[in-house]
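Structure first, commentary second.
The values are calculated or read from the model by the stated rules, or taken from the named source; none is laboratory data. Quick caveat: nothing in here was measured; it's all calculated off a predicted structure. Cβ atoms come from the backbone with ideal geometry, glycine included; neighbour counts cover every protein chain shown.
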Amino acid sequence: MILQGKEIRSKLKEGVDLITDAVKVTLGPKGRNVILYDGSDNAYLTKDGISVASRVYNEDPAINAAIKIVREASEKTARDAGDGTTTSLILAQALFNEGLKALDNGVSIVDIRKHYSDFLEKANNYLKNNARNLDYTYDNAKYIAYISANNDEDIAKIVAEAYSRVGKEGSVIVEQYDEPYTKVEYIEGSRYKIGIASKDFYSSKRKNEAQYSDAYVLLYNNDIKSIDEIKYALVKPAEQKKPIVIIANDFSEICLSQLYTNYIKGVVNVLPIKSIGSSYHRRDLFNDIQSITGGKIYESRPTSTDVDFGKLDKIKSTLIETVLYNATPRPKYIEYLDILKENMENEKAAPIKELLRQRISSLNGNIATIYVGGTTTVEQKERYDRIEDAVCAVKVAFEEGVIDGGGSTLVRMAREICGYDEIQKALYAPFDQLCTNSYGSVELVDKVTDTLGWNFLTDTQENLSESSVIDPVKVVRLSIENSMSVALQLLTTEALVC
C-alpha cells in the first residue's frame, strides 16, 4: 500500500489526534483517569500519560504509524525527564495541526523548519533566564512531588523524606512489592545490581541471602572456568578462617561445584558473585568496587599466594543485588569519587550524565528505595505511576531549576518571544486543555499576566511561584524540543509505503 500527499497527511492527523485525545484528559489537578484494559482479566486506572499512550493502537497501518511516531515525543520526554509526557503529546498535536494549516495557506516547509529552529533557541534562553534554582530542602522536594503526584499529600511526604535523607547526590528508586502498604528503605552501604552466582551459597536460607563481615575480596574481570584459576586466592582466607568474596564475570558449573564442595566442607567460606552487562559496563563496575574495597583487578589467574585482595567490613548479597560496606573509606575512594563528580558536571549527554550520577549514588551509599504496595493490583499500579512521576520530577527540578507551572510559562512564551502564528497558537494548547479538564470550555488565558497565573487547583489567580505551582525547567524544555521534533518529522512526510 502506498499513500501520498493529502491522503497520507489526513491519516497522520487521524493518528496524532487519536493518541493525544486519549491522553490529554489526564492533564492537570482536575484531569481524569483512564482505564487500561488488555482484553483479558487485567485492567487498571491511571493518570500517567505515558502509560496511556503506550496502549493506543489502530489497525490501519498509516494511522498506527502516526501513533508510533508521535508517541516518541512523550517517550523521550519520559525517558530523559520522567514527567511532562502529556504536555509533549498536546504540544506535538497542536504543532502538527497548526503546521498543516500553515502549509495549506502557502507557508513552505522550509520556512516552518526555520521558525522551529529560531523559536527553540529563544525558548531555551527564556527558560534559562527565568529559571529559579531550588535549595535542596525537604519543603522544596515536597512541593514538586505534591504537584507531580496529582496533589497527593501522602506521596509528597514519602518522596520528600526520601530525597532529604539521601541528599543531592543520592538516588531514590521506586519498586513494587506484594504488601498492602508503601514503605521506604535506606541503604547505608554501596548497592549494586549484581548477585550470588548460585543460591547454594546462601549463608541464611531463611532470608535467601548471604551476609559476611571482615571479608577478603578478589576482583576478577574475566570468566572462571575452574577452581584451579583461583586456587592461590583461596589459601590465605582458608588459613585465617576469613570469608572470601569472588566477583567475576561468570562461573562455570564445574567451578561452582568445586567452590561449593570447599564451602560445605568448611574449608573456606566463599561467596561467588556474578557481574553483569557489557565489557564497558563491567570495567566501570570493577573500578567502582575497587575504590571501595582496594586491591587489584585481576584479568587472569594469580600466580602465587601473594594475592592483592580487597577488603570489606561487611557484605550482604542476594541473587539480584549486593550491598558493600566499609566504615573507613579506602585511600583511593575520595579521589576516585571526586573524579566521577567532575566528569558528571562536565558531561553534556543526558544518558551518560545520569549513569555517572547513579554510579556516584551507589558509591556514596545514599540510596532510598520506595516499595509501593496496594490492596489490589489496580491500586498498586496507579500509586506506583504517581510515585515514580513524583520521584523523577523532584530529581529534574533540582537539576535545572523550576519555572511557573499551570501552562502559564508557555502562554508567556507565546506572547513574548514567538512571532510565528503556527507556533504561537500551539503554545496555548496545554493551558486550553487545563481549562477544558477543569471547567469544560471556559477560557482563562487573560488571567495569565507577567507576574500572575491561574491556579487550577484552587480556582484563583495567584503568583504561582509563591503558591508553589511550578514545573521543572527540564520538563518544559524537553516537552518543547521533543514535540517540535516529532511534529516536524510528520509535516515533512509526503508518502507512506507499507
Checklist line | Test: residue in segment 262-269 that is assigned by TED's automatic domain parsing to the domain that holds Y216, in a helix (DSSP H, G or I) and either among the hydroxyl-bearing types (S, T, Y) or surrounded by 15 or more Cβ atoms within 10 Å (Cβ to Cβ) (or both) | finding: yes
Check: Which of the residues that make up segment 397-427 are among the hydrophobic types (A, V, I, L, M, F, W, C) and out of contact with any Ser or Thr (no Cβ under 8 Å at 6 or more places or on another chain)?
Finding: A397, F398, V402, L410, V411, M413, A414, I417, C418, I423, A426, L427
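For the condition of a type in the set (D, E) and under 29 Å from A156 (Cα atoms), what is the one hit in E59, E121, E98, E75?
E75
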Notebook entry, point to check: Name the residues in segment 148-176 that are in contact with a helix residue (DSSP H, G or I) (Cβ under 8 Å, 6 or more places away or on another chain), assigned to a helix (DSSP H, G or I) and within 18 Å of R191 (Cα to Cα), would you?
Noted result: A162, Y163, V166
Note to self: Suppose we keep only residues that are in contact with a helix residue (DSSP H, G or I) (Cβ under 7 Å, 6 or more places away or on another chain) and among the β-branched types (V, I, T) within segment 21-59. Which one would you say is farthest from T458 (Cα to Cα)?
What the structure shows: V56
Check: Restricting the search to segment 416-454, which residues are charged (D, E, K, R) and buried (at least 21 other Cβ atoms within 10 Å of the Cβ)?
Finding: E422
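For the subset of segment 180-199 comprising residues that are aromatic (F, W, Y) and outside any loop (DSSP other than H, G, I, E, B), which member is nearest to the chain's Cα centre (by Cα)?
Y192
A quick yes/no check of all residues on (1) within 17 Å of A73 (Cα to Cα); (2) at pLDDT 85 or above:
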site: M1; (1), (2): no, no
site: K6; (1), (2): no, no
site: K11; (1), (2): no, yes
site: I19; (1), (2): yes, yes
site: K30; (1), (2): no, yes
site: G39; (1), (2): no, no
site: G49; (1), (2): yes, no
site: V56; (1), (2): yes, yes
Checklist line | Filtered residues of segment 332-388 (kept if free of Cβ contacts under 8 Å to residues at least 40 places away in the same chain, more than 24 Å from I315 (Cα to Cα) and among the hydrophobic types (A, V, I, L, M, F, W, C)) | finding: I339, M344, A349, I352
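Of all residues in segment 182-237, which are among the hydrophobic types (A, V, I, L, M, F, W, C), farther than 24 Å from D288 by Cβ and out of contact with any helix residue (DSSP H, G or I) (no Cβ under 8 Å at 6 or more places or on another chain)? Write out each step before concluding.
Of all residues in segment 182-237, those among the hydrophobic types (A, V, I, L, M, F, W, C) come to 184, 187, 194, 196-197, 201, 210, 215, 217-219, 224, 227, 230, 233-235.
Keeping just the survivors that are farther than 24 Å from D288 by Cβ gives 184, 227, 234-235.
Answer for segment 182-237, where residues must be among the hydrophobic types (A, V, I, L, M, F, W, C), farther than 24 Å from D288 by Cβ and out of contact with any helix residue (DSSP H, G or I) (no Cβ under 8 Å at 6 or more places or on another chain): just V235.
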Next item on the list: Starting from residues that are crowded, with 18+ Cβ neighbours inside 10 Å and in contact with a Gly (Cβ under 8 Å, 6 or more places away or on another chain), keep the ones in segment 42-68 and report whichever is nearest to A149 (Cα to Cα).
Entry: K47
Notebook entry, point to check: From K341, K381, which residue is surrounded by fewer than 23 Cβ atoms within 10 Å (Cβ to Cβ) and not assigned by TED's automatic domain parsing to the domain that holds P180?
Noted result: K341
Check: Could you list, in sequence order, the residues of segment 400-415 that are surrounded by 24 or more Cβ atoms within 10 Å (Cβ to Cβ) and among the acidic types (D, E)?
Finding: D404
Notebook entry, point to check: Quick one: in segment 296-320, which of the residues that are in contact with a strand residue (DSSP E or B) (Cβ under 6 Å, 6 or more places away or on another chain) and part of a loop (DSSP other than H, G, I, E, B) is surrounded by the most Cβ atoms within 10 Å (Cβ to Cβ)?
Noted result: F309
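Per-residue answers, yes or no, for (1) in contact with a Gly (Cβ under 8 Å, 6 or more places away or on another chain); (2) surrounded by fewer than 20 Cβ atoms within 10 Å (Cβ to Cβ); (3) modelled with pLDDT of 90 or more; (4) of a type in the set (F, W, Y):
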{"position": "Y143", "(1), (2), (3), (4)": "no, no, no, yes"}
{"position": "I196", "(1), (2), (3), (4)": "no, no, yes, no"}
{"position": "N208", "(1), (2), (3), (4)": "no, yes, no, no"}
{"position": "I224", "(1), (2), (3), (4)": "no, no, yes, no"}
Note to self: Of all residues being charged (D, E, K, R), in a loop (DSSP other than H, G, I, E, B) and in contact (Cβ under 8 Å) with a residue 24 or more places away in the chain in segment 16-60, which is farthest from E379 (Cα to Cα)? Just the residue, please.
What the structure shows: D60
